[in-house]
Amino acid sequence: MSARGRFWIVSCFSLLVFVLGLALGQWQLGRAVQKLAMRDAIAENQARPQLDNEGFLAMLGTGELLYRRVKLTGRWLADATVFLDNRTMNKRVGFVVVTPLKLEPTGQVVLVQRGWVARNFVDRQALPNVANPSSVVQIEGMVSPPPSRHFDLGGGDDGRIRQNLDLKTYGDALGLGLAPISVQETGDMRDGLSRNWPQPNTGVDTHYGYAFQWFALSGLVALYYLWFQIVKRFRRNQA
């Protein structure tokens, strides 16, 4: 292949990579703008007045309930408590305890992520003792998505100790009409559970990082092209 042919192939490929890097960088910046709007919406919802049972049920299913603060009254369905394994809090590994709460007086059931507790690493089947009052309780919390899924090799989604919890499957198995969201408990119930929940992460910084990488790739391609295809060729021609 002639030198001119190689020059045009390299030029076309460099231009393609340069434009692609710019386009993907712009796309990541657009995603960051969307996530910033999401973060602002979360902060706005968190700042709104706390909802009681009536307000919570009135907004259930509207799409405007996520990250609202709530104060709910109901009874624990203690026998349905599940311990989600390999969950970290304050850099420690243990269980996140989840229990359905049957709201008074309607009977609507909502899953509550009650908090974190250390596990027994000597006897891995031992369950921590968690207080489950039989009387009516009042909890404070924040409406949140269902517990996040962790990677597992299968077979860990049943029993009292589980790796993951599918809300619909769990509710159907127990015959509970579970609400399609959960509540992360935040109040101090003096029950030995830690509730230092991480703030919702929208991933804005990740998109900025990816945008920088794509723009850097475009800049690197441009510099290499200018040096090897323009400057060095010019010097050779001047020699």
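The values are calculated or read from the model by the stated rules, or taken from the named source; none is laboratory data. Computed from a prediction, not measured in an experiment: that's the story for all the values here. Here the Cβ is made from the backbone with ideal geometry for all residues, glycine too, and neighbour counts use every protein chain on show. Surface areas here come from the heavy atoms of the whole protein model, side chains and all, with no ligands, DNA or RNA. Shrake-Rupley method; radii C 1.70, N 1.55, O 1.52, S 1.80 Å.
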Query - Residue list for the stretch 7-25, restricted to those being farther than 20 Å from LYS232 by Cα and surrounded by fewer than 13 Cβ atoms within 10 Å (Cβ to Cβ) - result: LEU16, VAL19, ALA23
Query raised in the report: Within the stretch 185-213, can you find the residues that are open to solvent by less than 40 Å² (accessible area, probe 1.4 Å), farther than 18 Å from SER148 by Cα and among the small types (Gly, Ala, Ser)?
Result: GLY187, GLY209, ALA211
Report summary line: Scanning the stretch 44-62 for residues that are within 22 Å of VAL204 (Cα to Cα) and loosely packed, with under 12 Cβ neighbours inside 10 Å gives GLU44, ALA47
Query raised in the report: Pairs, please: C-beta under 7 Å, at least 6 apart or cross-chain, first residue within 14 Å of TRP8 (Cα to Cα) and in the stretch 220-239, second at pLDDT below 85 and surrounded by 12 or more Cβ atoms within 10 Å (Cβ to Cβ)?
Result: GLN229/PHE7; GLN229/VAL10
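Out of the residues in the stretch 26-39 meeting the condition of being over 15 Å from ASP205 (Cβ atoms) and touching a helix residue (DSSP H, G or I) at 6+ places or on another chain (Cβ under 9 Å), tell me which one is most open to solvent (accessible area, probe 1.4 Å).
It comes out as TRP27.
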Report task. Among what's in the stretch 103-124 and is among the polar types (S, T, N, Q) and touching a strand residue (DSSP E or B) at 6+ places or on another chain (Cβ under 7 Å), pick the residue that is farthest from ASP52 (Cα to Cα). Result -> GLN113
Report summary line: Just one listed residue, out of ALA222, ALA216, is loosely packed, with under 14 Cβ neighbours inside 10 Å, at pLDDT 80 or above and out of contact with any strand residue (DSSP E or B) (no Cβ under 8 Å at 6 or more places or on another chain), and it is ALA216
Report task. Quickly run through the stretch 63-92 and pick out the residues that are out of contact with any helix residue (DSSP H, G or I) (no Cβ under 6 Å at 6 or more places or on another chain), open to solvent by less than 70 Å² (accessible area, probe 1.4 Å) and farther than 20 Å from ARG48 by Cβ. Result -> GLY74, TRP76, LEU77, ALA78, THR81, VAL82, PHE83, LEU84, ASP85, ASN86, ARG87, MET89
Requested in this report: Name every residue in the stretch 119-170 that is over 30 Å from ALA43 (Cβ atoms), at pLDDT 90 or above and open to solvent by less than 60 Å² (accessible area, probe 1.4 Å), in order of residue number.
Outcome: ILE161, ARG162, TYR170
